[in-house]
Amino acid sequence: NSKVIQTPRYLVKGQGQKAKMRCIPEKGHPVVFWYQQNKNNEFKFLINFQNQEVLQQIDMTEKRFSAECPSNSPCSLEIQSSEAGDSALYLCASSQGAGNTLYFGEGSRLIVV
Amino acid sequence: GQQVQQSPASLVLQEGENAELQCNFSSTATRLQWFYQHPGGRLVSLFYNPSGTKHTGRLTSTTVTNERRSSLHISSSQTTDSGTYFCAIAPGANTGKLTFGHGTILRVHP
């Protein structure tokens, strides 16, 4: 069973508000991923880290999304100014290496009203 | 880009029946995982199976790499198997960036 912990489980934000989600990866897993799953079951890869360094990320041209994985602190994903289209389930996953099995947390469901 | 097609989109079974879920992908998949998503959202990894056949309990995954397809067989289905099943691939061994299919929604009635 996965031991990836995501908080909060749910968050409701007004348009323009900040939304911040946190993820504690499974112990011993240096690689962390963030995915967005929309209501149509479409998964969008957002970013992944190895330890504190970004490995890959989408072109966040709007710059509203930011993420970090500081040492000795939970990883986080933050949306600076939420929009209705950001409503989705945000899933964090960790793995022992970039090519290993991914283990997911329960997700943080964001609703932007 | 890579595409992952899952079929059927949805499936309704009576408890005890078997299910066969299909996954076809458009490019080489060095990594392939099957996931089960609980209705509450948690994704559980069922199989990491880029090639060959693997079994766990009532589940069997078979991937034929050169034909770019994988299947998930559920035998003697139970109501607790209800949920959404996803197939996801990555082209390289060293990339974690998975491409997911749209899933198969399974409902098992008592």
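Descriptive notes on the structure:
- Modelled label reach - B:Thr56, point 7 Å along Cα→Cβ, segment B:5-45 residues with backbone N closer than 13 Å: B:33-37, B:43-45
- Portion, in percent, of the accessible area of the protein assembly as shown that falls on carbon or sulfur, probe 1.4 Å: 46 percent
- Selection from A:Ser108, A:Gly97, A:Ser81 lying farthest towards where the dipole of chain A points positive, charges on Cβ: A:Ser108
- Summed over both chains, the accessible area lost when B and A associate is about 1700 Å², using a 1.4 Å probe.
- Estimated translational D of segment A:1-86 in µm²/s (Stokes, Kirkwood radius over Cα pairs; 25 °C; 0.890 mPa s): 178 µm²/s
- Stretch gain in nm, segment B:Val44-B:Glu67, where the contour uses 0.36 nm per residue and the Cα spacing is subtracted: 5.7 nm
- Cα-based Lys pair tally, the protein assembly as shown, threshold under 28 Å, eight or more apart or on separate chains: 29
- Among the GluC sites (Glu not before Pro) in segment A:1-77, those located in a DSSP loop and surrounded by at most 11 other Cβ atoms within 10 Å of their own Cβ are A:Glu62.
- Dividing the mean sequence gap of close Cα pairs (under 8 Å, 6+ apart) by how many residues chain B holds gives a relative contact order of 38 percent.
- Mean Cα-pair separation over length for chain A, i.e. relative contact order, pairs under 8 Å, 6 or more apart, %: 38 percent
- Probe 1.4 Å, protein heavy atoms only - accessible area per residue of the protein assembly as shown in square angstrom: 48 Å²
- In this label model, A:Lys39 and B:His109 are separated by 2.7 nm, measuring between points 7 Å along each Cα→Cβ vector.
- Among the trypsin sites (Lys or Arg not before Pro) found in segment A:28-75, those both in a DSSP coil and sparsely packed, with 11 or fewer other Cβ atoms within 10 Å of their Cβ, are A:Lys39, A:Lys63.
- Surface accessible to a 1.4 Å probe, A:Ile24 within the full protein complex, Å²: 80 Å²
- Note on the protein assembly as shown: Cα-only Rg and Dmax are 17.4, 50 Å.
- What the Cβ-Cβ distance of B:Gln22 and A:Glu78 gives, at R0 = 30 Å and to the nearest 0.05, is a FRET efficiency of 0.20.
- Sequence-ordered 3J(HN,Hα) estimates for segment A:12-20 from the Karplus curve with 6.51, -1.76 and 1.60 and θ = phi - 60° stand at 10, 10, x, 4, x, 7, 7, 10, 10 Hz, glycine and proline given as x.
The values are calculated or read from the model by the stated rules, or taken from the named source; none is laboratory data. Just so it is clear, the structure is predicted and the values come from calculations on it, not from any experiment. Positions of Cβ are generated from backbone atoms using ideal geometry, with glycine treated the same way; all protein chains shown enter the neighbour counts. All accessible areas refer to the heavy atoms of the entire protein, side chains included, with ligands and DNA or RNA removed. Shrake-Rupley method; radii C 1.70, N 1.55, O 1.52, S 1.80 Å.
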